[in-house]
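Heads up, the thing below is written out as structure tokens.
The values are calculated or read from the model by the stated rules, or taken from the named source; none is laboratory data. Keep in mind that this is a model prediction, so the values were computed, not measured. Neighbour counts are summed over all protein chains in view; Cβ atoms, including those assigned to glycine, are modelled from backbone coordinates with ideal geometry. Each accessible area value is taken on the protein alone, full model and side chains, heavy atoms only, with ligands, DNA and RNA left out. Shrake-Rupley method; radii C 1.70, N 1.55, O 1.52, S 1.80 Å.
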Amino acid sequence: MNYTGRKVRGEVYLIPAFLFMLLIFYIPLSGILVKGVHSEKGSFSLEGIIGIIGSSYYRKILIFTFFQAVVSTVFSVLIGLPGAWVMSHYSFPGKKLIRAVITIPFILPSILVVLGFVLFFGKNGVLNNFLNTLGIGDIKILYSFKAIIIAHIFYNFPIAIRIISSLWAKIPQSQMMAAQSLGAGKIRVFRTVTLHQILPAVLTSSMIIFIYCFMSFAIILVLGGGPELTTVEVEVYRLAKVSLDLNRGSSLALIQSTLTLLFMFIYSSLEKYKSYEEKLLTSANKPKYTLKFDLKSLFIILYFILILLLIVAPPFSVVMESFKESRSFAAEKQFSLYWYKQIFNPTSNGTYSKIAFNSLKNSLFYAFATVLMTIPISTLVSWVITRKKLRFPAVTELFFLLPLGISSVILGLSYMRLSNMLPSTFKGSAMLVILVHTSISLPLVFKPVLSIFRKIKISLREAALNLGASSFRTFLDIELPLIKSGLLTGATFAFAVSIGEMNATLMLSQPGTTTLPIAIYRLIGSYKFFGACALGTILMFICLIAFLAIDRFDGFGE
Amino acid sequence: MSINLKSIYRKIDEFTLQISLEVKQGELVSLLGPSGCGKTTTLRIIAGFEMSDRGTVSLNGRDIAHLPPEKRDVGMVFQDYALFPHMTVYENIAYGPRLRKWDKKRIDDSVKRFLKIVHLEGFEKRKTENLSGGEQQRVALARALVTEPQLLLLDEPLSALDAKLRKSLRKEIRRIQQELKITTIYVTHDQEEALAISDRIAVMEGGKCVQFDRPEILFREPSHLFSAGFIGNSNLIEVQSLNRAESEAETAIGKLQVGFISPNMIGKAFVFFRPDKCLKTNGTGSSNTFSGVIVDDEYSGTHRSLEIKVEDVIVKALLFDNSTCKMGDTIHLQIAPEDCRVISETTSE
């Protein structure tokens with residue numbers, strides 16, 4: 001009855017994206033998971049899995065992984081709560097600055113956090129130097145459980161502030177007033193009214209922080225140390241790269257992936273509370289907070305000074321250190337642009353110069369290539385999901401979002417195994433790095449693109465068709481201009497993820513494919529901190545630009 | 001341009017649409033009914049956004065069911081206006097002409113002409129998001145009309161506006177429609193709106209058109225229980241026994257002489273009469289009179305709306321203001337036989 005163009009099922013449009021996804025994610029990953037349940041002779045066997053669960057060594061690692069994640073989560077949320085309360089209840093001078101500063105951790109690649117921590121908390125670090133001048137003496141934080149927890153808090157309490165304050169701000173003031181007018185005291189109001197309403201945000205932020213900490217890699221790898229402070233991620237890396245035991249690595253990866261997917265599932269079922277969140281309408285403007293000389297004000301000021309110090313100090317130390325040089329081992333450090341000259345003058349001989357310049361070049365190339373790979377796929381899939389009838393729309397969406405639930409170390413491991421099977425020319429090829437970056441960043445690009453497609457009313461498209469535009473013309477004239485901001489946000493995410501990615505890249509790393517994070521990691525390993533800091537500052541600068549871009553295009557969804 | 005829907009059949013999950021409809025050149029036909037009755041689906045089938053499982057849609061005798069929406073040359077105004085947010089008012093209206101590759105002068109002239117028709121001269125450069133609802137509605141109308149399509153479809157075009165604006169805009173729509181003599185199908189759930197602007201109204205219920213007629217006929221002579229109840233205020237009093245030969249219906253409020261008995265009734269029968277046709281009498285026992293106690297009295301300035309309890313039935317009556325009566329009074333009413341019609345829940349066709 002109808003014209004034939006309509007009869008093409010949505011699934012048909014998805015075939016290229018589907019195949020691409022199989023190629024870059026599902027096939028490599030299935031290799032590893034299949035290997036995890038096969039014995040060395042190649043027959044099906046749960047030996048590997050049972051061996052790991054049975055071994056007290058691995059049990060300890062699993063327990064420690066859980067434990068550090070739980071501790072990090074609890075502290076991050078507790079430290080975030082007061083911030084969420086102030087940010088959602090008051091407007092005051094400097095609020096914008098604080099909002100900007102607590103965004104810094106979002107954009108810092110983990111290797112930079114590690115570097116900043118080493119410089120700030122280290123034996124000769126800023127903090128200890130300061131304490132020494134006060135005559136208090138050294139405190140030892142690095143390479144311990146404390147260091148891991150503090151780094152995780154640094155990374156994650158801003159997430160708690162963000163998620164909780166955005167919900168808290170939406171609770172109408174009148175509800176508290178109503179409770180008070182009925183005779184409830186302040187604590188009772190918090191316990192019986194407020195807490196119930198912010199609970200969804202507390203739960204979702206806790207879950208996402210827990211997942212991040214559970215999958216944390218670079219922080220544990222460098223700031224942890226020794227078998228007592230090893231997590232599953234680091235152990236998978238160690239098995240694959242140091243012990244070269246891919247079979248055991250695969251079994252462990254299988255256990256890890258099962259757990260992370262389970263956590264992701266819990267997280268996404270928590271997200272259903274979002275509908276509840278939307279019901280709470282935005283209330284009127286927040287009252288201006290006038291500083292008084294009371295305990296509350298003192299608390300607020302102290303709180304913000306502390307968190308600002310915690311956030312700003314490590315990256316600031318990196319930048320400061322990058323402009324220093326010491327001629328000999330014992331000499332005083334002095335101001336110098338030596339490291340930057342080395343990086344941008346590739347003709348100078350010296351390994352630092354060569355590695356630094358190449359890593360910068362590689363990183364930029366991989367990042368742009370990742371953008372070019374992710375944007376068309378995300379656009380196509382989002383278009384089909386929002387515009388065409390699909391038999392299983394939710395499953396289709398999940399199919400493209402699943403890489404979120406697989407750690408990048410494990411993805412790196414799959415690519416490593418894959419590259420062993422491919423002809424030797426593929427080993428250490430840029431293509432593999434780009435593809436692994438693509439599969440890691442694809443869900444992060446896909447999400448903003450899909451969400452902006454969802455915001456475009458179907459009637460706009462129908463109006464264009466009705467006025468005589470073809471489907472393609474409608475896409476060009478109407479949809480493309482409207483999704484532009486989502487595409488730019490997605491592109492910037494892809495760029496930022498790729499340029500900061502260390503875990504999978506480290507698994508695949510070969511001399512020819514060194515990226516900025518890898519170079520920084522290697523320089524830290526050989527105690528060349530000045531050089532690491534110069535590269536780190538450049539990486540930070542690139543991330544800062546990306547962050548400003550996202551903020552401009554999208555305002556981080558605010 | 002005339003449009004003819006012939007035995008359109010469309011099944012979506014539990015809902016079935018079955019409709020035939022013929023709209024003549026220059027006519028404004030409203031599809032009127034509650035939400036979920038199939039009026040928007042019918043419109044979307046005509047526009048090509050929805051496919052029918054069976055049946056034909058023809059414009060001037062030419063079957064268009066096989067054409068994609070962009071080839072149908074049917075103008076449409078969407079419920080949410082669907083103005084392109086990244087374009088100015090001018091660009092929105094010029095979008096259709098530009099697709100048709102008109103030359104610059106012709107585009108400019110037409111856009112200006114239609115801006116004038118919808119009273120939005122000087123709005124060319126405005127961003128659509130800064131316009132009021134009524135202004136957005138006019139832009140949407142101009143955009144749909146500028147290419148001079150042969151048929152105009154309006155999908156609840158006024159439902160997002162406030163009552164006062166709705167009244168003035170529906171007049172505008174009617175004026176423009178008559179000026180351009182464009183065949184128009186207008187979807188609405190507002191019976192007052194439909195009565196005010198339509199040449200004919202198709203009353204829809206449950207995926208079917210139950211009555212298709214001129215507004216006056218629909219109002220005074222509904223042939224179907226649903227159209228009697230949906231349009232305007234009405235009294236529907238269940239018939240206990242019917243004497244066709246004598247045109248007499250026995251009801252709970254007494255024996256009534258009626259002017260019309262539907263020839264093909266199925267299910268329960270009802271006597272229908274409008275509250276404004278009730279006359280107050282002194283109660284001298286002439287025919288078609290009944291008495292009851294006033295249980296509700298609502299004053300509206302020109303009228304008094306009364307609810308009168310006659311036996312166990314509530315009868316609604318609309319009396320002029322000068323009638324003196326109050327709650328609890330006993331009142332005598334008379335209804336002329338020609339104002340009473342016997343209709344049923346469904347009819348056999």
* Structure fact -> Residues of the stretch B:91-104 being part of a loop (DSSP other than H, G, I, E, B) and in contact (Cβ under 8 Å) with a residue 24 or more places away in the chain, in sequence order, are B:100
* **Qualifying residues in the stretch A:510-528 (those that are of a type in the set (A, V, I, L, M, F, W, C) and surrounded by fewer than 24 Cβ atoms within 10 Å (Cβ to Cβ)) - the one farthest from residue A:117 (Cα to Cα)** => A:518
* Can you work out which of the residues in the stretch B:57-67 that are of a type outside the set (Gly, Ala, Ser) and crowded, with 16+ Cβ neighbours inside 10 Å is farthest from the chain's Cα centre (by Cα)? => B:67
* Structure fact -> Across (1) within 14 Å of chain B (Cβ to nearest Cβ); (2) of a type in the set (Gly, Ala, Ser); (3) within 16 Å of residue A:374 (Cβ to Cβ), residue A:464 clears everything bar (3)
* To do: Output the number of residues of the stretch A:524-541 satisfying the condition of being free of Cβ contacts under 8 Å to residues at least 60 places away in the same chain and either hydrophobic (A, V, I, L, M, F, W, C) or outside the structural domain of residue A:418 (by TED's automatic domain parsing) (or both).
  => 1
* **Those residues of the stretch B:55-67 which are within 14 Å of chain A (Cβ to nearest Cβ) and not in a loop (DSSP other than H, G, I, E, B), in sequence order** => B:55, B:56, B:57, B:58, B:63
* Does residue A:544 satisfy being within 19 Å of the chain's Cα centre (by Cα), under 15 Å from residue A:315 (Cβ atoms) and assigned to a helix (DSSP H, G or I)? -> yes
* Restricting attention to the stretch A:467-479, report how many residues are within 10 Å of chain B (Cβ to nearest Cβ), free of Cβ contacts under 8 Å to residues at least 40 places away in the same chain and either open to solvent by 20 Å² or more (accessible area, probe 1.4 Å) or of a type in the set (Phe, Trp, Tyr) (or both). => 4
* Structure fact -> Among residues of the stretch A:442-458 being open to solvent by 10 Å² or more (accessible area, probe 1.4 Å) and of a type outside the set (A, V, I, L, M, F, W, C), the residue farthest from the chain's Cα centre (by Cα) is A:457
* Structure fact -> The number of residues in the stretch B:205-222 that are surrounded by fewer than 21 Cβ atoms within 10 Å (Cβ to Cβ) and assigned to a loop (DSSP other than H, G, I, E, B) is 3
* residue A:507 fails exactly one of the following numbered conditions: (1) open to solvent by 10 Å² or more (accessible area, probe 1.4 Å); (2) more than 14 Å from chain B (Cβ to nearest Cβ); (3) not β-branched (Val, Ile, Thr). What is the number of that condition? -> (1)
* Structure fact -> residue B:176: passes all of (1) at pLDDT 95 or above; (2) in a helix (DSSP H, G or I) but (1)
* Exactly one of (1) in contact with a Leu (Cβ under 8 Å, 6 or more places away or on another chain); (2) without any contact (Cβ under 8 Å) to a residue 40 or more places away in the chain is unmet by residue A:78. Its number? -> (1)
* Asked: Counting just the residues of the stretch B:68-90 that are part of a helix (DSSP H, G or I) and facing another protein chain (nearest Cβ under 10 Å), which one comes out most open to solvent (accessible area, probe 1.4 Å)?
  -> B:71
* Entirely in the stretch A:1-118, the helices (runs of 4 or more DSSP H) that have 2 or more residues that are more than 14 Å from chain B (Cβ to nearest Cβ) and modelled with pLDDT of 90 or more -> A:10-21, A:27-36, A:56-89
* Asked: So which residues in the stretch A:187-198 are without any contact (Cβ under 8 Å) to a residue 12 or more places away in the chain and either open to solvent by less than 60 Å² (accessible area, probe 1.4 Å) or within 16 Å of residue A:77 (Cβ to Cβ) (or both)?
  -> A:190, A:195
* To do: Enumerate the pairs (first residue in the stretch A:484-511 and of a type in the set (Asp, Glu); second residue anywhere and outside any helix (DSSP H, G or I)) with beta-carbon separation below 8 Å, excluding pairs fewer than 6 apart on the same chain, so at least 6 apart or on different chains.
  => A:501/A:109; A:501/A:515
* **The one condition in (1) more than 14 Å from chain A (Cβ to nearest Cβ); (2) open to solvent by less than 50 Å² (accessible area, probe 1.4 Å); (3) on the phi < 0 side of the Ramachandran plot that residue B:52 fails to fulfil** => (1)
* **Residue list for the stretch B:34-48, filter: open to solvent by 20 Å² or more (accessible area, probe 1.4 Å) and at the interface with chain A (Cβ under 10 Å from one of its Cβ atoms)** => B:44
* Pick out the one residue from B:124, B:135 that is open to solvent by 20 Å² or more (accessible area, probe 1.4 Å), without any contact (Cβ under 8 Å) to a residue 24 or more places away in the chain and touching a Phe, Trp or Tyr at 6+ places or on another chain (Cβ under 9 Å). => B:135
* To do: Determine whether the stretch A:348-365 contains at least one residue that is open to solvent by 90 Å² or more (accessible area, probe 1.4 Å), at pLDDT below 90 and assigned to a helix (DSSP H, G or I).
  => yes
* Restricting attention to the stretch B:257-294, and to residues there that are closer than 17 Å to residue B:310 by Cβ and charged (D, E, K, R), which single residue is surrounded by the most Cβ atoms within 10 Å (Cβ to Cβ)? -> B:274
* Structure fact -> Residue hits (the stretch B:177-204; surrounded by fewer than 20 Cβ atoms within 10 Å (Cβ to Cβ) and either out of contact with any strand residue (DSSP E or B) (no Cβ under 9 Å at 6 or more places or on another chain) or of a type in the set (Gly, Ala, Ser) (or both)) are B:179, B:181, B:192, B:196
* To do: Go through the stretch A:414-441 and give me each residue that's of a type in the set (Gly, Ala, Ser) and open to solvent by 20 Å² or more (accessible area, probe 1.4 Å).
  => A:424, A:428, A:429, A:430
* Could you count how many residues in the stretch A:311-338 are part of a helix (DSSP H, G or I), at pLDDT 80 or above and open to solvent by 40 Å² or more (accessible area, probe 1.4 Å)? -> 4
* **Answer from B:168, B:241, B:227 - the residue that is small (Gly, Ala, Ser) and surrounded by 16 or more Cβ atoms within 10 Å (Cβ to Cβ)** => B:227
* Qualifying positions in the stretch B:1-18 - surrounded by 19 or more Cβ atoms within 10 Å (Cβ to Cβ) and more than 21 Å from residue B:77 (Cβ to Cβ) -> B:8, B:10, B:17
